[in-house]
Amino acid sequence: MNLGVLERYKEFLPVTSNTPLISLGEGDTPLVASNRIIDEVGCERLFFKLEGCNPTGSFKDRGMVVAVAKAMEKGVSSIACASTGNTSASAAAYGAHYNLRTTIIVPKGKIAKGKLAQAVAYGAHIAMIDGNFDQALNIVKELCEKHPIELVNSINPNRIEGQKTASFEIIDDIGSAPDHLFIPVGNAGNITAYWKGFLEAKRRNKKLTLPVMNGFQAEGSAPIVNNQIVKNPQTIASAIRIGNPASWEKAINARDESNGIIDSVSDSDILEAYKKLASMEGIFCEPASAASLAGLLKKANAGEDFSGKSIVCVLTGNGLKDPDISSTIEPVSMNEYSADISDVERALDLT
Ligand code: AN7
């Protein structure tokens, strides 16, 4: 049985005797070895961390469960967040399960259909603003200062605490940290959390070698790469359409302390990696998640030598969340036939 992040990792989390050990079964996600894409990279071992297998289909649940538990510990009955979609779906699910009023503020028309469907179904109060994520985050921060509402965006440190548990799982699964971690970067909370997790694991086990952190933003939403706030961020990867990341400084620390990089990938690189993961590995993630593999392929194609290296690409969310993007994939073969076996045999070249 999946114990959930709080029960499994309580000694490493801000858990007191008053913290309810709540769970929707988050964490303990698969680390899947690449079978085909690894040949293009030329590394020793390549793994995908399937964070889309969390209860609401993204990594957000790991941190949300801790943020919600700490809110409940304080006696707060109302939570709120700004979101490009996944944080709001996660907050709304825990809000529903624990009977908290959940308010989400999202950029109108800019969040993937599956994520909005989740927030609606879980019963969130939804404010769709005529603005982008960065504006939504400013509004929700002010809202939570004025009212007795718990802010559950990743500027809430409990979110980062929960999300760091993904690093512990990777170390447990492969027996060490990988040489390289590749991860998408939006608001930059997750890269911050993974790095914190690896550092804490090293404090407990001095022999652990830390990974090089490789973060990737989308080209049209790359404030950290360009060292400049992006007023009007653009990318098909709506989850990471963020122009002023809240954890900007911490992401830079993770990059520099690990001798890593934060670089960008184009929308076409992202879509190519997204399609490859599905068609070559049987792994359907959302476009933003594929930025991690897109980044790895960009480096490998530029000639970086990964021989002998172990690499983990974090795939942050499930592909089912964004049906509009998936419907742009050309089917290998998809035609209509009469309900007649000989017709279908002919179609499949089986005659
Ligand atoms: C699938 O839900 O910001 O760098 O409001 O949904 O920690 O922000 C989502 C971000 C990567 C980037 N992949 O992580 C939100 C939100 C997926 C995401 C990211 C997000 P951060």
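Calculate log10 I(q)/I(0) of the stretch 220-351 for q = 0.09, 0.19, 0.21 Å⁻¹, where I(q) comes from the Debye formula with a single equal point scatterer on each Cα and nothing for solvent.
-0.38, -1.17, -1.32
Name the residue from Ser292, Thr56, Ile37 whose Cα lies farthest towards the positive end of the charge dipole of the chain, charges +1 on Cβ of Lys and Arg and -1 on Cβ of Asp and Glu.
In the chain, that residue is Thr56.
Rg (Å, one decimal) plus Dmax (Å, integer) for the alpha carbons of the stretch 153-272?
Both quantities, over Cα of the stretch 153-272: 14.3, 44 Å.
Let me check something: with ligands and nucleic acids excluded, how do Met72, Met128, Met1, Met334 order by accessible area (1.4 Å probe), largest to smallest?
From most exposed to least exposed: Met1, Met334, Met128, Met72.
Could you go through the stretch 303-314 in sequence order and give the Karplus-derived ³J(HN,Hα) for each residue, using 6.51 cos²θ - 1.76 cosθ + 1.60 with θ = phi - 60°, rounded to whole Hz, and x for Gly and Pro?
Values, residue by residue: x, 5, 8, 9, 5, x, 8, 9, 9, 10, 9, 7 Hz.
Under the √(5λ) rule applied to the eigenvalues of the Cα gyration tensor, what semi-axes describe the equivalent ellipsoid of the stretch 60-155? Give them in Å, descending.
Numbers: eigenvalues 73, 46, 22 Å².
For the stretch 60-155, the semi-axes come out at 19, 15, 11 Å.
For a paramagnetic label modelled at 7 Å from the Cα of Ile229 toward its Cβ, which residues of the stretch 148-188 fall within the zone defined by backbone nitrogen distances under 20 Å?
153-156, 186-188, by backbone N distance to the label point.
Give me the distance in nm between label points sitting 7 Å out from Cα along the Cα-to-Cβ direction at Thr351 and Phe12, one decimal.
6.1 nm
If every alpha-carbon in the chain counts as one equal scatterer, what log10 I(q)/I(0) does Debye give at q = 0.06, 0.07, 0.13 1/Å?
Normalising to I(0) and taking log10 leaves -0.21, -0.29, -0.95.
Using alpha-carbon pairs under 8 Å, 6+ residues apart, how would you state the relative contact order of the stretch 60-155 in percent?
Reported as a whole number, the value is 34 percent.
Tell me, how many Å apart are the Cα centres for the stretch 135-169 and for the stretch 250-294?
The stretch 135-169 and the stretch 250-294 have Cα centres separated by 24 Å.
Quantify, in whole percent, the carbon and sulfur part of the accessible surface of the chain (1.4 Å probe; protein heavy atoms only).
In the chain, the share of accessible area belonging to carbon and sulfur is 49 percent.
How large is the accessible surface per residue of the stretch 60-155, computed with a 1.4 Å probe and reported in Å² as a whole number?
With the other protein chains kept in place, the stretch 60-155 gives 40 Å² per residue.
Tell me which aspartates and glutamates have Cα within less than 14 Å of Lys141's Cα, excluding those fewer than 8 residues away on the same chain?
Glu150
Would you compute, from DSSP H runs of 4+ residues alone, the mean residue ellipticity of the chain at 222 nm, taking -39500 (n - 2.57) per run and dividing by the full residue count, rounded to the nearest 500?
Result for the chain, helices only: -12000 deg cm²/dmol.
Could you name the lysines in cross-link range of Lys299, using Cα to Cα under 29 Å and dropping any fewer than eight places away on the same chain?
Cα-Cα hits under 29 Å: Lys49, Lys60, Lys164, Lys196, Lys202, Lys207, Lys231, Lys250, Lys275, Lys276, Lys309, Lys321.
Give me the net charge for the shell around Cys144: Cβ to Cβ below 15 angstrom, other residues only, Lys and Arg +1, Asp and Glu -1.
Cβ neighbours under 15 Å give a net charge of +3.
Using 7 Å Cα-to-Cβ label points, what is the Ile329/Met128 separation (nm, one decimal)?
Those two pseudo-labels are separated by 2.6 nm.
Given a 10 angstrom Cα cut-off, can you work out which residue in Phe47, Phe12, Phe198 is the most mobile in a GNM of the chain?
Phe12
Under 10 Å, Cα contacts only: if you run a Gaussian network model on the chain, which one of Asn190, Asn18, Asn153 comes out with the highest mean-square fluctuation?
Asn18
The values are calculated or read from the model by the stated rules, or taken from the named source; none is laboratory data. All figures in this text were calculated on a predicted structure; none of them were measured in a lab. Counting neighbours? That spans all protein chains shown, and the Cβs are built from the backbone with ideal geometry, glycine included. The accessibility values were calculated without ligands, DNA or RNA, using every heavy atom of the protein model including side chains. Shrake-Rupley method; radii C 1.70, N 1.55, O 1.52, S 1.80 Å.
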